[in-house]
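To start, the structure under review is shown below, and the notes come after it.
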There are 2 protein chains.
Amino acid sequence: MFRGLSAFPLTPTTESGIDEQAFSTLVSRLAAAGVESIGALGSTGGYAYLTREQRARVAALAVEAADGVPVMIGIGALRTKQVLELAEDAQKAGASAVLLAPMTYQALTEDEVFGLYEDVTRELSVPLCVYDNPATTHVKFTDELHGRIAQLPNVAAIKIPPVPDDPAQAKARIDALRALIPDTVTIGASGDFAAANGLNAGCEAWYSVVGGLFPTTALAITRAAQAGNDAEATALSERLEPLWQLFRRYGSLRVMSAAAEQLGLAEDPNLPRPLQALPLPARHELAAALTSTGLTA
Amino acid sequence: MFRGLSAFPLTPTTESGIDEQAFSTLVSRLAAAGVESIGALGSTGGYAYLTREQRARVAALAVEAADGVPVMIGIGALRTKQVLELAEDAQKAGASAVLLAPMTYQALTEDEVFGLYEDVTRELSVPLCVYDNPATTHVKFTDELHGRIAQLPNVAAIKIPPVPDDPAQAKARIDALRALIPDTVTIGASGDFAAANGLNAGCEAWYSVVGGLFPTTALAITRAAQAGNDAEATALSERLEPLWQLFRRYGSLRVMSAAAEQLGLAEDPNLPRPLQALPLPARHELAAALTSTGLTA
């Protein structure tokens, strides 16, 4: 399941709880669009801000609404004990895989990061995707650390941060990592603005934020890259540059949250405080960007 | 209460729970030594790794064992809603003050950080200390942001990161911040190796990790600085350089955890996984450092 487009939906959330109907609708749209998998409770799904009970409920809703499309559930937490509980809950809910980022408060040593994956993979009965996201975890994975973790049982995929802009450098980056991990472990792109470049460079999957709301657009980029049409994948991604600019400036989560609201798919606000909705001028920029890029449904 | 030595004890924790007796003993030692206040559930107290129920219990134990010495309780969490619940719990437990760091997963904007303090201070009936700790939260407070937050109701103190090594630069740093905050708000030093320098530069308080285990030693530094004996405060701190070196290399939490174990005040291990105890060679270095600095009780 760690190939093709993995779409990451928002979890619309207010101070009084999760908007379950909005969430289920978001997931159903992804399944209907034909994505390869659904990544619920990723960073875009706000996993870090929800309680264990909320996360178990969202996992169950995701599996139900996915209607047979494999669902991967984010199980990250600051403490190993919590991660183990969340892994159990996700598996009970019917998750086909779990996604684990090493969340930090105290900075972790390499041995502590490895120990987390060792403790968790030992207990799993579904495959795990290693979630390397230095922007949120502040963990800098070395390739050597990836190599150690990728040998652990049940590790099936790695979700890496944005590849370099230059295609040759992007390919060198993927090749260097690939040389250190088993053949059975796939590498997936993230950082939507760099995803076409990542797919063209050899990533087998795209863990996509934009795909969580605009699956057809993200699938077109994915299919072009999968067919070896690098230039077309790049061109399709470049057409979304007005959106990528907003992602870079405001963070993809806040932008997708506002886009969901503009599409009538989520209430306003739909992010858990202290996160705030996009400021009004940025919402106007977003509306213009969605129109100019044709992202209107 | 935001003056003098505020000592931050560990919360000895294993995978099966909190070692309540060890925690209460640590707090009692601080009260008996005559510290001005006790900062329970700070970063050293592992607040980020404990459940709401555990934190409420630790707050109650701290107030009881402090025997009248004011207790400040860390109420940080990723979500505003959780922080508000923790504030309520801390106040119910008898806390004299609360300590709030803007924990992050998604990076927060300045307005989001301000909004967090605005939402929380509005609900408080005890004073709050703003906890500026970029090493754990990755939030970079500007002085302008400190100035805005310090105007909020119930804000009584700011705990700042280490001041510069150079005494003149340290004083300039404190003076610059002081110019932007009300006279009623005190500034406190942290980063133990820079604390004497911070006190000499005009900090009214020291929020101390080493003081959580060795209160007499930290009090001697504090009293020297309070009496205007800058050179003595500096000399007393410099004597602890072998310990400061270990703090810089391994993090003060892991070092104090191992020191507590070497003193017979906590079991081994006593940190929540994924955090791991100091590796064996570092423990030997620590034993030597404790002996050479006279930190043996």
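The values are calculated or read from the model by the stated rules, or taken from the named source; none is laboratory data. In this text, all values refer to a predicted model and were calculated from it rather than measured experimentally. Ideal geometry is used to build each Cβ from the backbone, glycine not excepted, and the neighbour counts take in all protein chains shown. Quick note on the areas: whole protein, heavy atoms, side chains included, nothing else; ligands and nucleic acids left out. Shrake-Rupley method; radii C 1.70, N 1.55, O 1.52, S 1.80 Å.
Of all residues in region B:95-119, which are among the acidic types (Asp, Glu) and open to solvent by less than 10 Å² (accessible area, probe 1.4 Å)?
B:112
Considering only residues that are assigned to a strand (DSSP E or B) and in contact with a Leu (Cβ under 8 Å, 6 or more places away or on another chain), look in region B:1-11 and name the one that is nearest to the other protein chains (Cβ to nearest Cβ).
If we take residues in region B:1-11 being assigned to a strand (DSSP E or B) and in contact with a Leu (Cβ under 8 Å, 6 or more places away or on another chain), then B:7 is nearest to the other protein chains (Cβ to nearest Cβ).
Name the residues in region B:120-138 that are surrounded by 19 or more Cβ atoms within 10 Å (Cβ to Cβ) and of a type in the set (A, V, I, L, M, F, W, C), would you?
B:120, B:124, B:128, B:129, B:130
Got a number for residues in region A:56-71 being touching a helix residue (DSSP H, G or I) at 6+ places or on another chain (Cβ under 9 Å) and more than 18 Å from residue A:19 (Cα to Cα)?
Counting residues in region A:56-71 that are touching a helix residue (DSSP H, G or I) at 6+ places or on another chain (Cβ under 9 Å) and more than 18 Å from residue A:19 (Cα to Cα) gives 4.
Among residues belonging to region B:100-121 that are part of a loop (DSSP other than H, G, I, E, B) and among the hydroxyl-bearing types (Ser, Thr, Tyr), point out the one that is nearest to the chain's Cα centre (by Cα).
Here the residue is B:104.
Which fully enclosed helices (runs of 4 or more DSSP H) of region B:12-94 have 2 or more residues being within 14 Å of another protein chain (Cβ to nearest Cβ) and either aromatic (Phe, Trp, Tyr) or open to solvent by less than 20 Å² (accessible area, probe 1.4 Å) (or both)?
Filter on region B:12-94 gives B:80-92.
Against the condition over 14 Å from residue B:5 (Cα atoms) and in contact with a Lys or Arg (Cβ under 7 Å, 6 or more places away or on another chain), how does residue B:242 come out, does it pass?
No; evaluated as a whole, the condition is false for this residue.
Could you tell me which of the residues B:199, B:219, B:145, B:152 is part of a loop (DSSP other than H, G, I, E, B) and either within 19 Å of the chain's Cα centre (by Cα) or of a type outside the set (Ser, Thr, Tyr) (or both)?
Answer to the selection: B:152.
Can you pull out every residue in region A:261-288 that is more than 14 Å from chain B (Cβ to nearest Cβ), within 22 Å of the chain's Cα centre (by Cα) and closer than 24 Å to residue A:238 by Cβ?
Residues satisfying the conditions are A:262, A:263, A:286.
Quick one: residue A:245 ticks every box in (1) over 17 Å from residue B:110 (Cα atoms); (2) touching a residue at least 60 places away in the same chain (Cβ under 8 Å); (3) not in a loop (DSSP other than H, G, I, E, B) bar one, so which box is it?
For residue A:245, the exception is condition (2).
From the residues in region A:1-11 that are open to solvent by less than 20 Å² (accessible area, probe 1.4 Å) and in contact with an Asp or Glu (Cβ under 8 Å, 6 or more places away or on another chain), which one is nearest to residue A:271 (Cα to Cα)?
Checking each candidate, the answer is A:6.
I need a count of the residues in region A:46-65 that are aliphatic (A, V, I, L, M) and within 16 Å of the chain's Cα centre (by Cα).
4
Any residue at all in region A:225-234 that's assigned to a helix (DSSP H, G or I), in contact with a helix residue (DSSP H, G or I) (Cβ under 7 Å, 6 or more places away or on another chain) and aliphatic (A, V, I, L, M)?
Yes, region A:225-234 contains a residue that is assigned to a helix (DSSP H, G or I), in contact with a helix residue (DSSP H, G or I) (Cβ under 7 Å, 6 or more places away or on another chain) and aliphatic (A, V, I, L, M).
Every residue, every condition in (1) closer than 24 Å to residue A:108 by Cα; (2) among the aliphatic types (A, V, I, L, M), yes or no:
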position: B:119; (1), (2): no, no
position: B:126; (1), (2): no, yes
position: B:133; (1), (2): yes, no
position: B:143; (1), (2): no, no
position: B:166; (1), (2): no, no
position: B:171; (1), (2): no, no
position: B:174; (1), (2): no, yes
position: B:181; (1), (2): no, yes
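With (1) facing chain B (nearest Cβ under 9 Å); (2) touching a residue at least 40 places away in the same chain (Cβ under 8 Å) as the list, and residue A:99 as the residue in question, which single condition is left unmet?
So residue A:99 meets the others, but not (1).
Can you give me the number of residues within region A:143-187 that are touching a strand residue (DSSP E or B) at 6+ places or on another chain (Cβ under 6 Å) and open to solvent by 40 Å² or more (accessible area, probe 1.4 Å)?
The total comes to 1.
Tell me which residues, restricted to region A:199-253, are under 17 Å from residue A:44 (Cβ atoms), of a type in the set (Val, Ile, Thr) and open to solvent by 50 Å² or more (accessible area, probe 1.4 Å).
none
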